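I have placed the structure first, in the form of structure tokens, so that the comments after it can refer back to it.
The values are calculated or read from the model by the stated rules, or taken from the named source; none is laboratory data. Computed from a predicted structure; not experimentally measured. Note: ideal-geometry Cβ built from the backbone for every residue, glycine included; neighbour counts use all protein chains shown. Ligands, DNA and RNA are excluded from the accessible area calculation, which covers all protein heavy atoms including side chains. Shrake-Rupley method; radii C 1.70, N 1.55, O 1.52, S 1.80 Å.
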Amino acid sequence: MGSLELRGWPKVLHRIVIILVIIAVLLPFYWIGIMSVTPQRYIAGRPIPSMVPREVSFRGFAAVLGLIEVEAGPGRRAAMMFRRSLFNSVVVAGFSTFFALIFGVLAAYALSRLKFPGKKASYIFILGSRLLAQITLAVPLFTMFRTLGILDTYLPLIIMNTSFCMAWVTLIMDNYFDMIDSEMEDAARVDGCTRFGAFWRVLLPMAVPGIISVMLISFLFAWGEFLYALLFTSSMSARTMPVVLSMFLGQYAIEYRLLASGLVLGVLPPVLLALLFQRFIISGLTQGGIKG
Amino acid sequence: MKGKEITEGKLGSIMMTPAIVLIIATAVIPIIYVFYLSTRDIRGIMDMGYIGLENYRTIIETGRLQSALVATFLFGFGTIAFQLVAAMIVALALNVEFKGRNLVRSLILIPWAIPTALVGVMWSRFLASTDGYFNATLRLLGLVEGEVNWFLSRGTAIMMVILVDSWKFTAIFVMIFLAGLQAIPTTFYEAALVDGANRLQRFFRLTLPIMKPVILVALIMRTIFVFHAFDLIFILTGGGPGDATRVLSYYTYQETFSFLRHGRGSAVAFILFLLTGLVTLIYIKILGTKKQV
């Protein structure tokens, strides 16, 4: 470790940097927190909205989650849309992560351990597909999905999230497999195990930490994917949470409390995952590839 | 070895197939199709036929492509420069032992983990001119007065998009730099101390040169992802004011999905593809594909 002891003014400077970082990260969450529990009148239209929570109540959360009835009007519809979108996001992110893991890990094993025709081309295709901007593919995909008649269903979102996440899974796991010595697999093969058996029963159990990290990274991506969810859905039936929350923004009739409660709920799963599995995420990010 | 076991080449091809099929269907064919569409005159749902490179000429002659390139460059340069410097400072700070270091390391990962669209929604509320918390806090500190609308002037709009982008993405640079810094053996620094090098000299003569490859990788990756930026711009500015934040990706979206000119939009998309491809080629050239098959 390259850490040297700090004394005197460098130490003061160091602490200032650290404190600024903490403030920069946490202050926005504090603001969202206040907004989610404070009635509209303390915030809306005020040059200095309340900086501390007032008349704290969790009505916003209860309303958004459908635990209490919201008076008729835009708020009611918004709360309903949000609940449905949360469900849609879970479905889309769950299936995408699952398929991305299967396809990606298989491809990664082939790239890492096997010689086969077209290997280099496969690698470049996968790397290249990950680097394409989503919008470049939007028009043809839109046409394709329309022809297939699957617009406004989960399918286009699951297909596209699987495709993008799979590329990360492949690249990160390929690196990960390369770091594991193939000695154990060779030994298993001598004992009569098939190649696939050696992969399945010997290598995979050793690669669990890597698999956890790609699983988290895939889930976080699919949970937050916005562009395709925006373009390929047109009703509540498949719209995901980020799209619905972005739609709330334009509707001034919606109480800030509802918007902020929705934000807190949408942000909670990624925040918890980041805090609980910090190590896995960081190792995945720094080893195999860099997410944008 | 058992005779009936399938050959290595065959197994490799089989295991690779699902991934390759998916990529051909969702990336390769669409890209070819984008090029095809870009040579056609499409308005709404009417396809008026092949017009060669006319769409490319139109987007250049109207100056829209150039302005999108300028916006992309300003946004890209701003985000990368700001995040690079900020991340280096934070990474150096986190490379020192102190109480609560692990906690701070976890904290900075949080903004990265949040969906970009939600980051946009949050900050759009904070940056609201009257009752936004960001402005209110600046007002309390006496830094601004009255109503502030950051999205009215070009300069501040770009600045705010860069700021919000950095709030989310600086963590990536920090993680990569920190991993790089921790790989530098302490003995290097001890030798430098013996030579009497001061802190700044140690950073510029020792740390920075060693970190050069790490910085380069991060730089190229982020450059590619600058072309991807869409969510924040869609939510915060909608490309405005004027065309100040209408970066290539947003311009593609606007031509195709707002103006419904799929042909022209596809021309922009194809140019975006070529640019991303160019940066990717540079990336592969400099860093090499890891595999020599």
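When the residues of the stretch B:255-278 are filtered to those that are at the interface with another protein chain (Cβ under 7 Å from one of its Cβ atoms) and not aromatic (Phe, Trp, Tyr), which remaining residue is farthest from residue B:67 (Cα to Cα)?
B:262
Given the condition over 31 Å from the mean Cα position of the chain (by Cα) and more than 8 Å from chain B (Cβ to nearest Cβ), answer yes or no: does some residue in the stretch A:22-40 qualify?
no
Report, by residue number, each residue of the stretch B:225-243 that is open to solvent by 20 Å² or more (accessible area, probe 1.4 Å) and at the interface with chain A (Cβ under 7 Å from one of its Cβ atoms).
B:227, B:228, B:231, B:235
Given the stretch B:1-89, what helices (runs of 4 or more DSSP H) lie entirely inside it while holding 3 or more residues that are within 10 Å of chain A (Cβ to nearest Cβ) and open to solvent by less than 40 Å² (accessible area, probe 1.4 Å)?
Hits in the stretch B:1-89: B:8-23, B:29-38.
Of the residues that make up the stretch A:143-161, is at least one of a type in the set (Val, Ile, Thr) and in a loop (DSSP other than H, G, I, E, B)?
Checked the stretch A:143-161: at least one residue is of a type in the set (Val, Ile, Thr) and in a loop (DSSP other than H, G, I, E, B).
Could you tell me whether any residue of the stretch A:175-192 is more than 12 Å from every other protein chain (Cβ to nearest Cβ), of a type in the set (Gly, Ala, Ser) and crowded, with 22+ Cβ neighbours inside 10 Å?
For the stretch A:175-192, residues more than 12 Å from every other protein chain (Cβ to nearest Cβ), of a type in the set (Gly, Ala, Ser) and crowded, with 22+ Cβ neighbours inside 10 Å: absent.
When you check residue A:250 against the structure, is it of a type outside the set (A, V, I, L, M, F, W, C) and either touching a helix residue (DSSP H, G or I) at 6+ places or on another chain (Cβ under 9 Å) or touching a residue at least 12 places away in the same chain (Cβ under 8 Å) (or both), yes or no?
Taking the combined requirement at face value, the residue does not satisfy it.
For residues in the stretch B:175-197 being open to solvent by 70 Å² or more (accessible area, probe 1.4 Å) and of a type outside the set (Val, Ile, Thr), which is farthest from the other protein chains (Cβ to nearest Cβ)? Please lay out each step first, then the result.
Here is the first cut: in the stretch B:175-197, the residues open to solvent by 70 Å² or more (accessible area, probe 1.4 Å) are B:183, B:187-188, B:190, B:193-195.
After this cut, where a residue has to be of a type outside the set (Val, Ile, Thr) as well, the list is B:183, B:188, B:190, B:193, B:195.
Values: B:183: 9, B:188: 8, B:190: 9, B:193: 8, B:195: 15 Å.
Per the criteria, the residue is B:195.
Give the residue that is farthest from residue A:268 (Cα to Cα), with candidates limited to residues of the stretch A:13-41 that are at pLDDT below 90 and surrounded by fewer than 17 Cβ atoms within 10 Å (Cβ to Cβ).
Looking at the filtered set, the residue picked out is A:41.
From the list B:205, B:246, B:264, B:222, exactly one residue is surrounded by fewer than 16 Cβ atoms within 10 Å (Cβ to Cβ) and of a type in the set (Lys, Arg). Which is it?
Result: B:205 is the single residue among B:205, B:246, B:264, B:222 that is surrounded by fewer than 16 Cβ atoms within 10 Å (Cβ to Cβ) and of a type in the set (Lys, Arg).
Conditions (1) facing chain B (nearest Cβ under 7 Å); (2) in contact (Cβ under 8 Å) with a residue 24 or more places away in the chain; (3) hydrophobic (A, V, I, L, M, F, W, C), marked per residue:
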{"position": "A:110", "(1), (2), (3)": "yes, no, yes"}
{"position": "A:113", "(1), (2), (3)": "no, yes, no"}
{"position": "A:134", "(1), (2), (3)": "yes, yes, no"}
{"position": "A:141", "(1), (2), (3)": "yes, yes, yes"}
{"position": "A:149", "(1), (2), (3)": "no, no, no"}
{"position": "A:157", "(1), (2), (3)": "no, yes, yes"}
{"position": "A:160", "(1), (2), (3)": "yes, yes, yes"}
{"position": "A:165", "(1), (2), (3)": "no, yes, yes"}
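Restricting to the stretch A:72-90, what's the tally of residues that are in contact (Cβ under 8 Å) with a residue 60 or more places away in the chain and over 17 Å from residue A:245 (Cβ atoms)?
1
Name the single residue that is nearest to the chain's Cα centre (by Cα) among those in the stretch A:82-120 being surrounded by 21 or more Cβ atoms within 10 Å (Cβ to Cβ) and farther than 30 Å from residue A:185 by Cβ.
A:93
Residue-by-condition table, conditions (1) buried (at least 19 other Cβ atoms within 10 Å of the Cβ); (2) closer than 30 Å to residue A:150 by Cβ; (3) facing chain B (nearest Cβ under 9 Å); (4) in contact (Cβ under 8 Å) with a residue 12 or more places away in the chain:
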site: A:205; (1), (2), (3), (4): no, no, no, no
site: A:209; (1), (2), (3), (4): no, no, no, yes
site: A:214; (1), (2), (3), (4): yes, yes, no, yes
site: A:220; (1), (2), (3), (4): yes, yes, yes, yes
site: A:228; (1), (2), (3), (4): yes, yes, no, yes
site: A:235; (1), (2), (3), (4): no, yes, no, yes
site: A:241; (1), (2), (3), (4): yes, yes, yes, yes
site: A:282; (1), (2), (3), (4): yes, no, yes, no
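Do any helices (runs of 4 or more DSSP H) entirely within the stretch B:125-222 hold 1 or more residues that are under 21 Å from residue B:95 (Cα atoms) and in contact (Cβ under 8 Å) with a residue 12 or more places away in the chain, and if so, which?
Filter on the stretch B:125-222 gives B:154-182, B:186-194, B:199-202.
Among the residues of the stretch A:59-80, how many are assigned to a helix (DSSP H, G or I) and at pLDDT below 80?
Number satisfying all stated conditions: 2.
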